[in-house]
Amino acid sequence: MSIASVDVIVTSPGRNFVTLKITTSDGIVGWGDATLNGRELSVASYLSEHLASMLIGRDEDRIEDTWQYLYRGAYWRRGPVTMAAIAAVDMALWDIKAKKAGMPLYQLLGGASRDGVRVYAHASGTDFEALSNAITGYRELGFTAVRVQTGVPGLGQIYGVSAAGPGVRYDYEPAKRSGDRPAEETWDTRQYLNHMPGVFSKIREEFGTDLRILHDGHHRMSPIEAARFAKDVEPYDLFWLEDATPGEDQTALRLIRQHSTTPLAIGEVFNTVYDYQTLITERLIDYVRSAVTHTGGITAMKKLLDFAAIYGIRSGIHGPTDISPVGMAAALHLDLAIHNFGIQEYMPHNEQTLEVFQTSFTFDKGFLHPGDQPGLGVELDEQAAGAFEYTKAYLPVNRLLDGTVHDW
Ligand code: CS2
Ligand code: MG
């Protein structure tokens with residue numbers, strides 16, 4: 001058997017997705033997610049223009065060799081575009097291997113280490129009342145963990161808070177179809193630092209101590225601001241503070257660690273284990289945030305999470321709606337199998353997306369399970385996909401009140 005065809009499918013059921021389809025000479029199909037929010041066509045062309053031809057005729061079972069061939073053979077290694085392309089190939093080959101074995105992928109990764117995968121939902125609100133309603137709604141759905149994002153008085157539309165208004169389940173889509181340039185948002189860290197501790201205090205008062213509360217700083221604080229924030233929120237027992245400061249400046253987290261025991265999560269914008277080397281070996285983080293789709297696939301993520309396990313660091317795989325159901329399924333199979341599982345992000349995809357991607361993972365009382373279909377358990381309906389044409393969309397650009405460009 002060998003790889004007979006490689007196809008790249010770009011579709012936009014509510015938001016843009018790039019999916020790789022690999023078909024073997026025996027007609028077995030594997031799917032891989034290659035979605036990079038705001039830069040989708042770069043990955044689509046990397047796959048169709050540069051990788052597809054070199055995959056034809058390769059033995060689909062040689063997953064590790066293919067990974068090394070694509071990583072080292074590129075010469076220009078690492079980076080979000082390259083690693084998303086390699087991830088899609090890797091996911092599709094693991095999908096094929098598990099289908100050939102007649103097993104769900106997690107069985108090939110060591111079998112289940114738990115009965116289900118604890119997930120967290122995105123609760124947000126422009127003000128506390130809306131936020132409280134959203135948290136209540138998610139708790140009624142059985143969630144035991146929520147990420148909390150809220151408006152900051154005096155600031156307009158900010159990260160993580162749906163412009164569509166409050167609700168238990170809304171489609172917060174950060175990428176905007178804003179024509180030929182990104183939309184712009186404004187930000188003021190000082191108002192944010194002064195506002196948020198009071199929000200967490202009110203949440204603990206209203207919802208008690210058992211609820212796991214997560215918060216995403218989204219790369220916006222300086223190291224000392226992040227150290228202050230992590231210290232200020234310590235009494236509210238966050239499950240994690242995410243992207244407190246731009247994570248590529250790995251040693252900056254030493255300062256946060258000196259001031260607080262608030263657990264830290266970083267890595268959704270990383271794409272190889274090398275982005276984590278200091279963070280993991282110095283135990284500067286508690287959770288690894290990468291998405292399977294952005295970090296070279298299942299082969300690379302398993303190695304990264306096994307490396308993290310040696311240092312007592314757990315998984316917190318990235319799972320927003322800009323990771324497709326294929327990428328989400330890959331995360332769930334890893335989540336079920338690895339020992340050092342932490343938590344899984346879960347933003348439910350909208351109805352249009354689920355018209356295109358037939359999934360088999362299930363939600364029950366705050367936990368997901370990948371299902372026991374052979375492979376990843378997700379199939380793409382190409383006819384349905386053809387009905388949703390790609391539309392350019394950009395993540396916003398963020399500016400401070402004085403106009404200085406800032407991390408979004
Ligand atoms: C966010 C992401 O889910 C998260 O933790 O940081 O939703 C991020 O904003 C998007 O993936 C950007 O495309
Ligand atoms: Mg995040």
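The values are calculated or read from the model by the stated rules, or taken from the named source; none is laboratory data. Keep in mind that this is a model prediction, so the values were computed, not measured. Cβ coordinates were reconstructed from backbone atoms using ideal geometry, including for glycine residues, and neighbour counts include every protein chain displayed. These accessible areas exclude ligands, DNA and RNA; they are computed on the full protein's heavy atoms, side chains included. Shrake-Rupley method; radii C 1.70, N 1.55, O 1.52, S 1.80 Å.
All conditions but one from (1) in contact with a Leu (Cβ under 9 Å, 6 or more places away or on another chain); (2) open to solvent by 10 Å² or more (accessible area, probe 1.4 Å); (3) away from ligand 1 (no atom under 16 Å from the Cβ) apply to K303; the one that does not is (1).
Yes/no matrix, rows are residues, columns are (1) touching a strand residue (DSSP E or B) at 6+ places or on another chain (Cβ under 8 Å); (2) open to solvent by less than 10 Å² (accessible area, probe 1.4 Å); (3) within 16 Å of ligand 2 (Cβ to nearest atom):
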{"position": "Q277", "(1), (2), (3)": "no, no, no"}
{"position": "G296", "(1), (2), (3)": "no, yes, no"}
{"position": "A308", "(1), (2), (3)": "yes, yes, no"}
{"position": "S315", "(1), (2), (3)": "yes, yes, yes"}
{"position": "G342", "(1), (2), (3)": "yes, no, yes"}
{"position": "Y346", "(1), (2), (3)": "yes, no, yes"}
{"position": "L354", "(1), (2), (3)": "no, no, no"}
{"position": "G366", "(1), (2), (3)": "yes, yes, no"}
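Could you tell me which residue of region 200-216 is farthest from ligand 2 (Cβ to nearest atom), considering only residues that are in a helix (DSSP H, G or I) and more than 13 Å from E234 (Cα to Cα)? Per the stated criteria, the residue is E205.
Where helices (runs of 4 or more DSSP H) sit wholly within region 51-145, those with at least 3 residues that are aromatic (F, W, Y) occupy 63-73.
If the condition is being open to solvent by 20 Å² or more (accessible area, probe 1.4 Å) and either touching a residue at least 40 places away in the same chain (Cβ under 8 Å) or outside any strand (DSSP E or B) (or both), then region 8-36 contributes V8, I9, V10, G14, K21, S25, D26, G27, I28, V29, L36.
Yes or no: region 85-104 includes at least one residue that is away from ligand 1 (no atom under 16 Å from the Cβ), within 30 Å of E248 (Cβ to Cβ), open to solvent by 50 Å² or more (accessible area, probe 1.4 Å) and more than 19 Å from the chain's Cα centre (by Cα). Checking region 85-104: not a single residue is away from ligand 1 (no atom under 16 Å from the Cβ), within 30 Å of E248 (Cβ to Cβ), open to solvent by 50 Å² or more (accessible area, probe 1.4 Å) and more than 19 Å from the chain's Cα centre (by Cα).
When T209, T189 are checked against the criterion of being under 24 Å from R118 (Cβ atoms), among the β-branched types (V, I, T), touching a residue at least 24 places away in the same chain (Cβ under 8 Å) and in contact with an Asp or Glu (Cβ under 8 Å, 6 or more places away or on another chain), T209 stands alone in meeting it. Restricting R177, R190, R212, R169 to residues that are at pLDDT 95 or above, within 16 Å of ligand 1 (Cβ to nearest atom) and open to solvent by 30 Å² or more (accessible area, probe 1.4 Å) narrows the list to R212.
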